[in-house]
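Below is one structure, written out as structure tokens, with a few remarks after it.
The values are calculated or read from the model by the stated rules, or taken from the named source; none is laboratory data. Here the structure is a predicted model, which is why all the values come from computation and not from measurement. A quick note on method: Cβ atoms are made from the backbone with ideal geometry, for glycine too, and the neighbour counts reach across all protein chains shown. Note: areas computed on protein heavy atoms with side chains; ligands, DNA, RNA excluded. Shrake-Rupley method; radii C 1.70, N 1.55, O 1.52, S 1.80 Å.
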Amino acid sequence: MVGSKKHSTEEETQETPRFQQKTLTAPAPFADETSCQCQAPHEKLTIAQARRGTPVDRPVRVYADGIFDLFHAGHARALMQAKTLFPNSYLLVGVCSDDLTHKFKGFTVMNETERYEALRHCRYVDEVIRDAPWTLTPEFLEKHKIDFVAHDDIPYSSAGSDDVYKHIKEAGMFVPTQRTEGISTSDIITRIVRDYDVYARRNLQRGYTAKELNVSFINEKKYRFQNQVDKMKEKVKNVEEKSKEFVYKVEEKSHDLIQKWEEKSREFIGNFLELFGPDGAWKQMFQERSGRMLQAFSPRQSPNSSPTRGRSPSRSPSPPWVINKTSPPSSPKAASASLSSMSEGDEDEK
């Protein structure tokens with residue numbers, strides 16, 4: 001399988017026309033430096049025939065022309081459409097010279113040599129025609145064996161004509177392409193003119209002289225001063241960004257510290273309440289120690305083993321023979337009364 005695949009690849013490479021290989025490995029050639037690549041007799045094709053496909057040695061020769069100043073994506077997309085109009089096509093691109101362009105359209109940013117080279121390095125271009133005519137003539141079409149002309153369908157009024165492609169459309173050789181909205185050479189130039197001061201200041205900063213930029217002495221000083229101001233603004237902006245970053249880091253660390261402090265505080269408060277709260281361990285321990293101290297300091301009560309019979313527990317009875325020496329009887333009657341009471345007490349005890 002590998003050998004057969006390699007053999008088929010070699011056959012395809014041999015069958016591939018020479019002009020297609022050049023566009024992939026080298027810049028597209030100029031038309032005046034090479035002969036026409038179409039080897040088969042040039043027979044007129046219809047659009048239907050071209051879309052069905054042609055033999056390998058008879059590609060459909062499509063022509064697209066323009067100024068291509070400040071070559072951009074809109075130009076490339078137009079050429080891509082022209083290249084892919086038909087299955088087998090060969091794209092020729094005509095580029096007008098500076099003299100012709102300045103005469104009919106106006107001044108260009110890029111000179112003709114730069115514009116030629118820009119087209120040579122576009123991947124869709126097979127051949128570049130320098131100093132292309134403004135209006136296509138039958139002689140020009142025949143010389144380059146052009147089958148169809150590709151361009152956007154908007155009437156292009158120029159050189160005293162309402163549409164320079166009118167005779168091409170009438171001959172059935174015109175194939176329209178679509179314009180890319182939002183980008184054109186005029187748009188790019190408009191942006192440069194609108195932001196002229198910005199670009200002049202940038203180029204002065206990059207080393208271009210005021211003479212090269214066609215800038216007056218006063219404007220040069222103004223632009224250089226504005227550049228210095230912008231540098232200061234940039235420094236201040238960098239300092240502010242670094243300050244914000246530092247503050248953010250501090251806030252983040254502060255948040256972490258506060259969160260940790262809250263966790264430790266809750267843990268400390270919980271431990272404190274567990275120890276000193278209403279039902280804490282300290283209260284229970286204090287109560288136990290208080291009870292022990294009360295038991296240690298208070299005497300034991302004597303047991304009540306003898307009946308009192310109405311006697312006062314706080315007073316002990318005196319023996320009958322003890323006579324109160326401190327208060328002698330004041331009269332014989334009192335003495336006899338005390339003796340009679342003592343005798344009654346003895347009888348009761350008996």
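Based on this model, can you work out whether Pro307 counts as open to solvent by 100 Å² or more (accessible area, probe 1.4 Å) and either touching a strand residue (DSSP E or B) at 6+ places or on another chain (Cβ under 6 Å) or modelled with pLDDT of 70 or more (or both)? Criteria not met by Pro307.
On inspection, Ala150 passes the criterion of being hydrophobic (A, V, I, L, M, F, W, C), under 30 Å from Tyr90 (Cβ atoms) and either open to solvent by less than 50 Å² (accessible area, probe 1.4 Å) or assigned to a helix (DSSP H, G or I) (or both).
Just to check your reading of the model, which residue among Leu85, Leu79, Leu100, Leu92 is in a helix (DSSP H, G or I), closer than 29 Å to Ala48 by Cα and not polar (S, T, N, Q)?
Details: Leu85 fails: in a helix (DSSP H, G or I); Leu100 fails: closer than 29 Å to Ala48 by Cα; Leu92 fails: in a helix (DSSP H, G or I).
The conditions single out Leu79.
Of all the numbered requirements in (1) over 16 Å from Gln81 (Cβ atoms); (2) open to solvent by less than 70 Å² (accessible area, probe 1.4 Å), Gly160 misses one, and that requirement is (2).
Return yes when Ile192 is closer than 28 Å to Thr108 by Cα, of a type outside the set (Asp, Glu), open to solvent by less than 70 Å² (accessible area, probe 1.4 Å) and under 30 Å from the mean Cα position of the chain (by Cα) and no when it is not. So Ile192 does not fit the description; no.
If I filter region 50-76 down to residues being assigned to a helix (DSSP H, G or I) and open to solvent by 50 Å² or more (accessible area, probe 1.4 Å), which single residue comes out as nearest to Thr185 (Cα to Cα)? Looking at the filtered set, the residue picked out is Ala73. With respect to being more than 20 Å from Arg51 (Cβ to Cβ), open to solvent by 80 Å² or more (accessible area, probe 1.4 Å), polar (S, T, N, Q) and free of Cβ contacts under 8 Å to residues at least 24 places away in the same chain, Thr137 falls outside the description. Looking only at residues in region 153-169 that are assigned to a loop (DSSP other than H, G, I, E, B) and closer than 15 Å to Phe104 by Cβ, the one that is farthest from the chain's Cα centre (by Cα) is Gly160.
Tell me, which residue of region 93-108 that is touching a helix residue (DSSP H, G or I) at 6+ places or on another chain (Cβ under 7 Å) and under 15 Å from His121 (Cα atoms) is surrounded by the fewest Cβ atoms within 10 Å (Cβ to Cβ)? Reasoning before the result, please.
Of the residues in region 93-108, the ones touching a helix residue (DSSP H, G or I) at 6+ places or on another chain (Cβ under 7 Å) are 93, 95, 97-98, 108.
Filter once more, so that each one left must be under 15 Å from His121 (Cα atoms): 93, 95.
Numbers: Val93: 28, Val95: 22.
The selected residue is Val95.
For region 254-265, the criterion of being more than 30 Å from Asp195 (Cα to Cα), acidic (Asp, Glu) and surrounded by fewer than 10 Cβ atoms within 10 Å (Cβ to Cβ) is met by no residue. If you go through region 212-249 and keep only what is closer than 18 Å to Val109 by Cα and part of a helix (DSSP H, G or I), you end up with Glu212, Leu213.
Give the residue, chosen from Ala118, Ala150, that is of a type in the set (Gly, Ala, Ser) and either touching a residue at least 60 places away in the same chain (Cβ under 8 Å) or farther than 22 Å from Ala82 by Cα (or both). Working first, answer last.
Details: Ala118 fails: either touching a residue at least 60 places away in the same chain (Cβ under 8 Å) or farther than 22 Å from Ala82 by Cα (or both).
Among Ala118, Ala150, only Ala150 is of a type in the set (Gly, Ala, Ser) and either touching a residue at least 60 places away in the same chain (Cβ under 8 Å) or farther than 22 Å from Ala82 by Cα (or both).
For region 84-93, the set of residues classified as more than 38 Å from the chain's Cα centre (by Cα) and not small (Gly, Ala, Ser) consists of Leu85, Phe86, Pro87, Asn88, Tyr90, Leu91, Leu92, Val93, listed by residue number. Taken together, Arg201, Arg179 contain a single residue that is charged (D, E, K, R), surrounded by 12 or more Cβ atoms within 10 Å (Cβ to Cβ), on the phi < 0 side of the Ramachandran plot and not in a helix (DSSP H, G or I), which is Arg179.
Just checking, does region 136-152 include any residue being within 47 Å of the chain's Cα centre (by Cα) and of a type in the set (Lys, Arg)? Scanning region 136-152, I find no residue that is within 47 Å of the chain's Cα centre (by Cα) and of a type in the set (Lys, Arg), so the answer is no.
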